[in-house]
Structure formats: structure tokens, C-alpha cells
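Peer 1: Structure incoming, see below.
Just so it is clear, none of the values below were taken in a lab; they were calculated from the coordinates. Note that the coordinates shown come from a computational prediction; the quantities given were computed from them, not determined experimentally. Note that each Cβ is placed from the backbone with ideal geometry, even for glycine, and that neighbours are counted across all protein chains shown.
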Amino acid sequence: MSASTFSRTASVSGMLAWRALILVRRMPAVFIPSLVMPLFILVATSGAFHGISAVPIGTSSYLAFTLPFATIMGAGFAGINAGMTLARDIEGGFVDRLIASPAPRLSLVAGPLTAAAMRSVFTTTVVLVAGLIGQLALPGILGTVMIYIMAASFAMATACWSMGVALRARTVQAAPMMQLVVFILVFTSVAYAPRDLQTGWLRTVSDWNPVTRILEFSRTAEFQSMSWTGFWGAIISIAVLMGIFGAFALYGLSRLGND
Amino acid sequence: MTPAIVQTAALARRSIFATFRFPQAWFPSLFFPLVLMAIFTASFGRSIGFIPGFPHVDGFLSFAVTGAIVQGVLISSVGAGAFFAGDIEGGFFDRLVSSPTSRSAILLSRLCASVVLAGGQAIFFLLIALIFGATIQGGIVGALIVVVLAALLAIPMAGLGIFLALRTGSAEAVQGMFPLFFALMFFSSTFFPRETMTGWFQVAADINPISHLVEGMREQIISGVNWQQAAVSFGIIAVLAAIAVGACALSFRRRLGGDA
Amino acid sequence: MTDAIVVEGLVREFKGGIRAVDGIDLHVRAGEVYGFLGPNGAGKSTTVRMLTTLLRPTAGKASVAGFDVATEAGSVRRSIGVALQDAAIDPFMTGRELLRLQATLHAIPRADGHARAEVLLDRVGLTDAADRRVGTYSGGMRRRLDLALALVHEPVVLFLDEPTTGLDPTSRVALWEEVRRLNRESGTTVFLTTQYLEEADQLAGRIGIIDGGKIVAEGTPAELKNNIGDATLMITPTDPSRIADAAAVLQQFGPAADGKPGAAAIRLSEGAEGIAAVVRALDHAAISTAAIDLHQPTLDDVFVVTTGHRLEGDASAAPGSGRGRKGRRE
């Protein structure tokens, strides 16, 4: 990619990201769930399963244990939303407008991707503030930064997946497909209990699930017990997710206009 | 048979067949409760022995199956409401109303269909749980009580869905209410015992009628047949059903223009 | 003069072997307004989507502004402006925001883009509404905004896909005026699809009629009308008993044609100029007339003759059902 193509892609992507963020703000039906869902997960999960606090899970507070689950799910919702916006844009014809212009096609994916990462910053902040209200200890600067980075990375990975679905299905009706995979990915990691406590099939699945390393590293970031092993495990997992989902999205992008 | 009963049966049959014809109508109501039940069981199964206040059970699956049943009834009831709203949007409702079909048959048929489907769902979940090692302390009688209560629970829940359909006339709006009901279930003892909760969350679960409803059903599975608890569940269902059906009847009248 | 659009043997086949566009040839000259006329499903939009690089052709070649749509898509996209059917406009954004976004898509520097947005808003009369969300716009306002969006980068060729479908007559006329002005002042080539005969007649210098994926007729509106025959003149005598006399007089001016009951009709080969002579001859024969009707062939007639069915409001008439002009005029 030449320097000028790169700068063009960057400027159009920036504009599309800006648009995506504007739309979130102007559509209450999108904005309110993105605010409420991570909060709901935090409060409902930690409240309903408070009893787990008595079990060795690395902390004496199930609320603290749940917090990264909520930030990661919030990021997942931001990613899903990128796919839903793209699907709506394909249905509504906005994507045609973009493709018929000389704007680099890559920006069609890169713009919403950026927006999803930015939205995850918002949802993560909401969850962290709720944690503070729930009297959780501050994770320190490095820990906080890492929680944000994990969320943003997961938002981008799920955005790639959702946009890939949108580019194939070309209808908002495909939203359940986007949601299903993201939910299953997160729920079959270490969302509700650490791996040591998991049994049977879930233990096997979570061992292989890339989201496990991302969630586990977010937890160590929260408890200020990060390790390089955990860090690299998370980075590799993100790379794996981005690789698979990114390729899926780019393939969908290349098929646009073919049939 | 009187015409009203024939009409009700015919319309109920239509609703049931329509449900089977569209996988999106029944698949989520079986799939999601199963997945959550499986994940919760594998996540918490090893821990429950260490949690003060957790009732004595022979495994988390036996505890969790009631939650799955109630959740399944909830999801399919929202689906029933959305289906009804679809009938309103698509004009089938108007066609029915303008035909000599009795008004109560329109409402009753949908509720009957939901009751039948909910009973079937409950049997399905119990069988799956049994296959994966759950036990039913109440035996056949306990299982029957659970199935009957689950089937009856479809009346208030589907009633609520239909009420929303009559008020909004939009399938999307009815589906949009789902997260709210789902939240209500989380703020109860559907997934975990109230005894292990603390603070305001426990207060919320104590007040939430869903807690007592679920516990009355669960008791039959984890402890044995308990008619008193079953009566509590039945009482809650009866009260909720009266409210939901009453609200349906009122909004039905309102939709038809006041004093029908 | 060079050709702005050249199409040779263009084919688009969809899944299941349906040929939406079945081997069409087109030449649109630079600076021309070309009207692409046809009913729903005739292949208009599919053609436009191929010419605007939104859809790859199955076979054949097409070039726009001198660039091949398949191999030089980037250059094509820089040269064209596109206003697609159903105005693909975001209801949650304002008109000004959309124009600025469109300028970014065309890599117009920020300051220039902002200035251009103001010029275009003024031009299409949307300055006052510029900061309102597009969702609050009327249909006519949306189409005008859509047109402005297509003009942000001053394209050489402008594609308008059914620009006035669903608009009220006033908005339609306003949009026509805008397109005419654009063509006149900037020399922009306009490729316009429409299912309205009047629109094609009003705007287009040349017209191609597409039906079932094939071009069935092409030419200027006048040529197309002349090709299908002469005007029909119909005389209704005041005294119904003199209809035979009237017919006899008329016969000197052209072959007899079918008219209403109580009237005599001929095909007038000389066109409207011939009427005066007819009237004088009737006067000479002392036949007083209650009504004189001259029916010029319309594009509607052209359409019926070339495709065998009507364009608007007559979807039930199957192709080749033999409904001709007479049928249509009953």
C-alpha cells in the first residue's frame, strides 16, 4: 500500500468512524442498549452468583471477577453493532454510494472497525465506573490501560466477524447470527468461573477458546497480577481472532459486487 | 361441540403448526436455555458444595433444570406475542375479527397453543437433564407437577406477550421487550438460590414473584413432592394469569375501538 | 465528439441463469442527456449498476468516460456521479454532514469540500435545511440532496437512476429543471433511467427503450415518434348524417384511419401543417365541424409498438398480446 493510498484510506476511514459514532448517538435504540447491556451483565451476574465469592476464584468478590466479563461483553456489543450498521448500510444503499466513489474499499471495513474500538472505550468506562460505585479497588494505571486495550481488541475482532456476516448476508436480519457467535465465544470461555473450577466439556472448550486468554489477562490486569506469559497469551489469542475474522471480513469485501 | 370450541381448537392448531414450521420460532426457546444450563452447570458444578446457604442437591444440573424450563417458556411466550403481532401487522387478525369467529376464541386459541408447547418444552428439558445425570427427587409425580406448572405458566407469560402485541401491533416491539423479561429472571432465584445473595440484590429477589414460582417448581426436583410449595407456585401463576388475561381482554377491546 | 459511454454486448446473468441484461449496445455522446426507458424489471438498474462499477458484467464490454468499467474501475469512479434509486441517504445525518462525507469519499481536501458543500446546498435550494436530519426531509428534498451528493466532485458523467420515481409533479418538474441546467451550464453527460415517458421526452436528447434485457428502439424522441407513423386527424361533423361526406373530403389528404363513432379519421402524412388545407376543403364542401382532434404519436405509442405492451399502469398486458395503438386509445 503506497503512502498516498494509506492516507486516503485513513482519512475516509476516519470519516466513516466519525459517522458511525454520530449514528450511535442519534439512534436511541442503539445507544441505550450499548450502555445498559454491559451494566446489566455486571450487576445481574455478580448479584445472582454472589455465592461464588466463597469459592477460590482468585478474589473474594464475584463482582470483581465479573468486571472483565462485562467489559469484554460491552466490547462484543460494540463489535456486533459495527456489523449491524454495515448491514443496514448495505440494505439502505449507503455502501453503493461508497463503492461507486473512488474511496478505498478497505475503509468500508476499517471505518466501522475504528468506531467499534472507540465505542468499547465508552462501554469499558461505564463498567469501570460502575465497579468503582460497587467499591472495587482501582486497578492502577497499567492495569486500567490493559483492560481498555483488551476490550478494544475484542471489539475489533467481533466487528470483523459481524461485518463479515453483514457482507455475506446483506441484511440486518442476520444480526442473530452475529450475536450468537459472539455470545457463545464469550460464554464458553471463563466468563462465569475460572478454568480450575470448570468441569467436563467446558474445560476443554475454554482451554482452546481464544477469549479465555483475553479474559484471564483482563482479570490479572484488574488484580494487578499481570505476567508476561498472560500478556503474550492474550496477544496471540487476539491475533488468532483478528486473523480468522479479519480474513472473513476481507473476503466478504472482495465479493461485494460479484453477485 | 360449540362453535367457539371448534374455532379455538382450529386456531390453536394453526398456531402450533406455525411454530413448528419456522425454526426461528422454536429453536431459540430450546437452544438458549440449554446452552446456559450447560455452561452454568460446568462452571458452578464443582463449587456449590463450598457455598454457604446452597441447598443440598446431588448436582448443579438438578438445580438448574427448573431455570431452563422457565426461561424456555419465557422465550417461546415472547415469540407467541411476536407471532400475534405479526398477525396484526399482516392483516390476519383483522380478517379474523371481521369474521364470525368468537373474540375469545382468538385469544384462547393462542393461549392454548402456548400451554401445549410449554408442556412439551418442560418434558424436553427434564429428559435432557435426566440423560446428563440429573435426578428428580419427586419422581414421576414431581416431574408431572413441574410439567403442569410450566404449561400453566405459559398463560400469564404468553398473555403478557399478546398484551404487548395488542398494544403495540409490532412484532419488533414485542421482541424488543425480551431483554426486560430476561433481566427480571436474573433478579430472582431462577439461576442461583436466594440464600446465597446479599444486600439489595437479595431484597429484589425476595420481592420478585418469579423467585417463589421457580422455587415451588424446583422443590419437586431437588427435594421431593411438596404440595404446599406447588400450591404457592400455582397461586402465583393464577394471580399473574388473571392480570395478564384481564389486560389482554381490555386491550383487545381497545384495539377494536372501545366498546366491542 | 467522443463517446462518454460505450457499451458492447453487455450481459449480466444472475443465479439461476436469468439474464437481466441480455447483450446490449449503447453509445452515449459526451454532453448528451441519454434517457434509458423501460418498465420495472427491464434491466435498467442492472445496467446502471454495471456502468457505475457496482456490479461486474457477465460478458461484454463497457467503458465510461473512456475507462473500462471492469479493468479501470478506479478511474471510472473518479469520473462519475451516481444518484441511485431510492436515494440511499442516511436519515440520521444532516444534509451538510452527508455532503462533507461525500467530499471525503472523493478525496477532496477538507476546506474545499466544505466550500463545495455550501455551493451545492445553495444550488439545490437546501441551505435552510442543511442542518436538519435527512429523515425530516420531503421526498423532493431528498432527491435534490441526492443530486447534490452526486455532483460533489464535478463528475464528467452523471448517472441518475429513476430520479423522480415517487415524487409529486411539482418536485419532479423542479428536478428536471436542475438536470437541464446542469447539462447546459457544465456540459455534464447525463445517463438517466426512468419508467416515465414524459420524463424521457422532456429531458433526454436521445432515448433507448429497454425491455426484457434488450434494447428494442433507440433515437431522438422525434425520430422514435416519426418511425411509428403519422398523426391521426379526426373530424366530427356537426350534422351526424354528413359523416360520409366528411370522410370523402378527408380521403384527399391521407388514408382512412379508425376514429370514434360519429367521426371520420385519416392519417395525416404532412403532420400538423396539413390541418389548414383540410379545414379549407371542409369549408368548401359546406361541412361544419363540431370537433377537430389531432393525435400526435407519443412515446407511449412508441413503447407499445416496439414492445407490444404498455409502460405504465398496465403490467397485466403480456408482451406480444397484440395490443396496438387502437387498443390503447379505446
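Peer 1: Quick check on packing: order A:119-128, A:204-213 by the mean number of other C-beta atoms within 10 Å, highest mean leading.
Peer 2: Output ranking for A:119-128, A:204-213: A:119-128, A:204-213.
Peer 1: Partner chain Cβ atoms within 10 Å, averaged over the residues of A:190-203 - can you pull that number for me? Write out the running numbers ahead of the final one.
Peer 2: Details: counts 1, 2, 6, 8, 1, 0, 1, 7, 7, 8, 6, 3, 7, 3.
Mean shielding by partner chains, rounded to a whole number: 4.
Peer 1: Whole Å is fine, so just give me how far the alpha carbon centre of the stretch C:77-145 lies from that of the stretch B:13-50.
Peer 2: Between the Cα centre of the stretch C:77-145 and that of the stretch B:13-50, the gap is 48 Å.
Peer 1: How large is the Rg to Rh ratio of chain C when both quantities use alpha carbon positions and Rh follows Kirkwood?
Peer 2: Over the Cα atoms of chain C, Rg/Rh equals 1.08.
Peer 1: Cα centroids of the stretch B:52-123 and the stretch A:211-259: how far apart, whole angstrom?
Peer 2: Centre-to-centre distance over Cα atoms comes out at 39 Å.
Peer 1: A follow-up question, please. What is the set of long-range amide H partners of C:PHE159 at a cut-off below 5 Å, with H atoms built 1.01 Å from backbone N?
Peer 2: Here C:GLY81, C:VAL82, C:ALA83, C:PHE191 satisfy the definition.
Peer 1: Using the number of other C-beta atoms within 10 angstrom as an exposure proxy, rank C:MET234, A:MET118 with the fewest first.
Peer 2: A:MET118, C:MET234
Peer 1: Choose one of A:TRP161, C:VAL173, A:THR212: the residue whose Cα lies farthest towards the positive end of the charge dipole of the protein assembly as shown (beta-carbon charges +1 Lys, Arg; -1 Asp, Glu; about the Cα centre).
Peer 2: A:THR212
Peer 1: 5 Å is the cut-off here: which amide hydrogens, built 1.01 Å from N in the peptide plane, fall below it relative to C:THR289, excluding neighbours closer than 5 in sequence?
Peer 2: C:THR238
Peer 1: C:LYS260: which lysines have alpha carbons under 26 Å from its alpha carbon, excluding same-chain residues fewer than 8 sequence positions away?
Peer 2: Of all the lysines, those that pass the test against C:LYS260 - Cα under 26 Å, at least 8 places apart if same chain - are C:LYS225, C:LYS326.
Peer 1: Below 8 Å between Cα atoms, with a sequence gap of 6+, how large is the relative contact order for the stretch B:3-255 in percent?
Peer 2: Computed over the stretch B:3-255, the figure is 26 percent.
Peer 1: Between the stretch A:183-204 and the stretch C:1-23, what is the C-alpha centre distance in whole Å?
Peer 2: So the separation of the two Cα centres works out to 55 Å.
Peer 1: Follow-up. Under a cut-off of 24 Å between alpha-carbon atoms, report the lysines in cross-link reach of C:LYS61, not counting same-chain residues fewer than 8 places apart.
Peer 2: Leaving aside lysines fewer than 8 places away in the same chain, those within reach of C:LYS61 are C:LYS15, C:LYS44, C:LYS214.
Peer 1: Can you give the relative contact order of chain C as a percent, counting alpha carbon pairs under 8 Å and 6+ residues apart?
Peer 2: On the way: 628 pairs, mean separation 58.2, N = 330.
After rounding, I find 18 percent.
Peer 1: Peptides A:79-90, A:51-62, C:207-218: what's the order by average Cβ count within 10 Å, highest mean first?
Peer 2: Highest-to-lowest ranking by the protection proxy: A:79-90, C:207-218, A:51-62.
Peer 1: Ranked from highest to lowest mean number of other Cβ atoms within 10 Å per residue, what is the order of the peptides C:240-251, B:59-70, A:94-105?
Peer 2: In descending order of packing, they fall as B:59-70, A:94-105, C:240-251.
Peer 1: Determine the relative contact order of the stretch B:96-188: mean sequence separation of Cα pairs under 8 Å and six or more apart, normalised by residue count, in whole percent.
Peer 2: Values: 41 pairs, mean separation 27.0, N = 93.
It comes to 29 percent, rounded to a whole number.
Peer 1: I would also like to ask the following. Give the calculated FRET efficiency between C:HIS114 and C:ALA286 to the nearest 0.05, with a Förster radius of 56 Å applied to their Cβ-Cβ distance. Show your work: numbers first, answer last.
Peer 2: Values: r = 76 Å, r/R0 = 1.35.
FRET efficiency, C:HIS114 to C:ALA286: 0.15.
Peer 1: Another question about this same structure. Using the Karplus equation 6.51 cos²θ - 1.76 cosθ + 1.60 (θ = phi - 60°), what ³J(HN,Hα) coupling, rounded to whole Hz, does each residue of the stretch C:274-283 give in order, writing x for Gly and Pro?
Peer 2: Listing the rounded values in order: x, 4, 4, 4, 4, 4, 4, 4, 5, 4 Hz.
Peer 1: Report, by chain and number, residues whose modeled amide H sits under 5 Å from the one on C:PHE67, excluding near sequence neighbours (fewer than 5 apart, same chain).
Peer 2: For C:PHE67, no residues qualify.
Peer 1: In the protein assembly as shown, what is the volume of the convex hull around the alpha carbon atoms, normalised per residue and reported in Å³?
Peer 2: Values: hull volume 189.3 nm³, N = 849.
For the protein assembly as shown, the hull spanned by Cα atoms encloses 223 Å³ per residue.
Peer 1: With θ set to phi - 60° and the Karplus curve 6.51 cos²θ - 1.76 cosθ + 1.60, what are the ³J(HN,Hα) couplings of the stretch B:7-22 in order, to the nearest whole Hz, using x for Gly and Pro?
Peer 2: 4, 4, 4, 5, 5, 4, 4, 4, 4, 5, 5, 4, 4, 6, 6, 10
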